[in-house]
Amino acid sequence: MLAKAFSVSINGIEAFPVEVEVNAGNGDTAIVIVGLPDAAVKESRDRVTTAISNSGYQFMLGRTTINLAPADVKKEGPSFDLPIAIGLLAATEQIDCPKIDDYMMVGELALNGGVRPVKGVLAMALRARAERKIGVLVPAENAPEAAVVAGIKVYPIRNLREAAAFLEGELNIPPAQVDIAKIFDEPALDLADFAEVKGQESVKRALEVAAAGGHNVLLIGPPGTGKSMLAKRLGTILPPLTLEEALETTKIHSIAGQLAAGQALVTRRPFRSPHHTVSDAGLLGGGINPAPGEISLAHHGVLFLDELPEFKRNVLETMRQPLEEGSVTISRAAGTMTFPSQFMLVAAMNPTPDGKMPAESRSSPREIQNYLGRISGPLLDRIDIHVEVPAVKFREMVSQQNGESSADIRARVIAARNVQLKRLAGRPRMTSNARMGSRELKQHCVLDDTTMELLKYAMTDMNLSARAYDRILKVARTIADLAASETIQSDHISEAIQYRSLDRQLWS
């Protein structure tokens, strides 16, 4: 007999529907799975047959053919265990599921028939809704994640017998529900705050400008000046994630297996800090079965690269396209996948190999140039703000007075971002000044004659590139937004130019 169940598979960060066709016939006992299954899918036959027996059902002898359609797209992972098992029980007439076409199902089976969690359930629930299914059957641990999708019922399944009884209409399972507003209102677990950072007011100002406009930042200073401490507190002044951003971020983390058990949504902007030994596949994504890399896991958040010159130059160069386009495309023989990567790059480095500023360093000029030369000019041009992090003075370290809190800084950042969202309305991917294109620059970054002359002098004197010119305009626009100014003034341009001067002092 022929039976059919519906499931979902992942390609990149998007899901596509899969029909699980099961035909149980006569002949020598064998189970054949076709439709480009990977090793994990092929192993399903052993998990499924054992789970069926241990759940009180019978495994019928004969030749069983399982087809995963469409047959020309590779299927990966153990998420097809549950639909294959349901299809086998239906094909051998051990269960009667007249409404099986109304549901999609995913789940890995344990040998005792239990249903284990799988990756990418949020994307699967979104696809089920797009396919106009009534509901989805998912592992109980994945139910909160899938339940954030409105317009579709999510049924938490704990074992195979429970799934079969539900599909036969013998068991009523209440759909999982989550309170999205309550999830967003949960307080952050970390207690990091800019108020704890002694001194470094100029650096805090630069990070405020970066957060307000979504700009990339390079922190340059000797060891022990607080570069990492400042970078790790950047997330506390960034605007909160919108529901759309949270869903997109959660999809990526779910597919990568980064969600905690029972976690419904990623509600805090990600902060990723890979080690400098990371490979290009680890940073961009890839592998035999391409998975999101660090830049995609940092989507809508911060990617922090500490000790920037220690990263392999070829690895750093691979970031140039994602920094410009906000996405990364990975091509393999099996196909092409695109992962979103709209992140803020925050990098930190010492100015010389021994950590001192060039005037105080014992390293030779050649050693310093070789050290700095590990970072290419094109990559530097894509970093909007370069700021020196000086050593903290003793009187600042022992001062009992706290600096401005993250909450106060964040309020100004949110106000500036709201101005940008209103200005860039109608352009979904342009959520901040850093994402403006040439057309938006001409429209929103108009300079008067005096300000233009100042910028012209800086460009000539500092020998800046055309890309740096655009970056200065974007940063100046953000500074004007923080000052609630409709036009860019000379002092806004001056501050923006200041954030491009340090790299020219070091790399010239």
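The values are calculated or read from the model by the stated rules, or taken from the named source; none is laboratory data. Please read these numbers as outputs of a predicted model, since none were measured by experiment. No Cβ is skipped: glycine too gets one built from the backbone with ideal geometry, and neighbour counts run over all protein chains shown. Just the protein is used for accessible areas: all its heavy atoms, side chains included, with ligands, DNA and RNA removed. Shrake-Rupley method; radii C 1.70, N 1.55, O 1.52, S 1.80 Å.
Odds and ends about this structure:
- Filtered residues of segment 374-395 (kept if surrounded by fewer than 13 Cβ atoms within 10 Å (Cβ to Cβ), touching a residue at least 24 places away in the same chain (Cβ under 8 Å) and farther than 17 Å from residue 217 by Cα): 393
- The helices (runs of 4 or more DSSP H) falling completely within segment 423-508 that include 1 or more residues that are of a type outside the set (Ser, Thr, Tyr), touching an Asp or Glu at 6+ places or on another chain (Cβ under 9 Å) and on the phi < 0 side of the Ramachandran plot map to 438-444, 466-482, 490-507.
- Restricting segment 345-372 to residues that are without any contact (Cβ under 8 Å) to a residue 12 or more places away in the chain and of a type outside the set (D, E, K, R), the residue that is surrounded by the most Cβ atoms within 10 Å (Cβ to Cβ) is 361.
- The condition (being open to solvent by 40 Å² or more (accessible area, probe 1.4 Å) and without any contact (Cβ under 8 Å) to a residue 12 or more places away in the chain) is satisfied by just one residue among 161, 129, 205: 205.
- Residues satisfying the stated conditions in segment 396-422, i.e. at pLDDT 85 or above and either touching a Lys or Arg at 6+ places or on another chain (Cβ under 8 Å) or surrounded by fewer than 17 Cβ atoms within 10 Å (Cβ to Cβ) (or both): 404, 405, 406, 407, 408, 409, 411, 414, 415, 418, 421, 422
- Residue satisfying all of: in segment 242-274; over 26 Å from residue 117 (Cα atoms) and touching a Phe, Trp or Tyr at 6+ places or on another chain (Cβ under 9 Å); most open to solvent (accessible area, probe 1.4 Å) among these: 273
- Meets criteria (at pLDDT 90 or above, under 37 Å from the mean Cα position of the chain (by Cα), open to solvent by less than 30 Å² (accessible area, probe 1.4 Å) and over 20 Å from residue 170 (Cα atoms)) for residue 13: no
- The selection criterion, being hydrophobic (A, V, I, L, M, F, W, C) and farther than 23 Å from residue 69 by Cα, holds for residue 143.
- Residue within segment 483-495 that is in contact with a Ser or Thr (Cβ under 6 Å, 6 or more places away or on another chain) and open to solvent by 10 Å² or more (accessible area, probe 1.4 Å) present: yes
- Here residue 51 clears all of (1) surrounded by fewer than 19 Cβ atoms within 10 Å (Cβ to Cβ); (2) on the phi < 0 side of the Ramachandran plot except the condition numbered (1).
- Restricting segment 275-307 to residues that are of a type in the set (Asp, Glu) and crowded, with 16+ Cβ neighbours inside 10 Å leaves a set whose member that is farthest from residue 329 (Cα to Cα) is 306.
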